[in-house]
Amino acid sequence: MILNIIYLPLIGFVLGLSLAAPPGPVNAIIMNESSKSVLHGSSVGAGAMTADFIFLILLYFGRVIIPDWTFKYLYLFGGVVMIYLSISVLRSKMPSKTPKGNYFVGLSMGITNPFQIIWWVTVGLFLIQRMTLLSIGGFFLGLLTWIVLFPYTMNKVGSRYSPLLRIFSFIILIVFAGVMFFYGASSFL
């Protein structure tokens, strides 16, 4: 019993980091916005974390199964969003200039990101079906840790390397847009 109190939240924490830490479009935007302030970067992450909470609720209460045919449209729409964001990052003109606006950028990216949806209907479903509330608490603690420490680190490093971080963010977003278009277009063939 004592081991479960430590073990289960730790598993959830690691799963939270597995979703939050890999390079991707949300982290690219967090990286870019963190050059303004930690709050700007964290608010993007908080929006994406809210999307995760929404997916958790949908899967937990509805065991929602997303039809396969919808993914091709999500991929294509997500690709368009990634291209728009990549150009915005490169031009340093993000759609929002406020932390509140950045929150909605993160939320919209999280809700429409097919990779995040796939994570939830696979790993997330496992988390819900096999783990306890302690694991789910650990999961969100992992996400929260990431969306606080990553922007903080990027803010401290970003002031010196802001142009390089912007180019890196642009490249990540364009690559993800290409991957999303590839998967979306290939599903029509």
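Nothing in this text is a laboratory measurement; each read-out follows from the coordinates by a stated rule. Since we're looking at a predicted model, the values are computed, not measured. As a convention, Cβ positions derive from the backbone with ideal geometry for all residues, glycine included, and neighbour counts pool all protein chains shown.
Calculated FRET efficiency, residue 73 to residue 53, Cβ-Cβ distance, R0 = 35 Å: about 0.90 to the nearest 0.05. Close Lys pairs in the chain (alpha-carbon distance under 15 Å; sequence gap of 8 or more, or different chains): 4. When only Cα pairs below 8 angstrom with a gap of at least 6 residues are kept, the chain shows a relative contact order of 45 percent. Comparing 178, 47, 106 in a Gaussian network model of the chain, where Cα atoms under 10 Å apart are tied by springs, the biggest mean-square fluctuation is seen for 178.
Free of any trypsin sites (Lys or Arg not before Pro) that DSSP assigns to a loop and that have at most 13 other C-beta atoms within 10 Å, the longest stretch within the chain is 98-189. Across every direction, the projection of the convex hull enclosing the Cα atoms of the chain has a mean area of 10.8 nm². Full extension of the chain between residue 60 and residue 189 yields a length gain of 43.1 nm, computed as 0.36 nm times the residue separation minus the alpha carbon distance.
Put a dot 7 Å past the Cα of residue 104, heading toward its Cβ, do the same for residue 123, and the two dots end up 3.0 nm apart.
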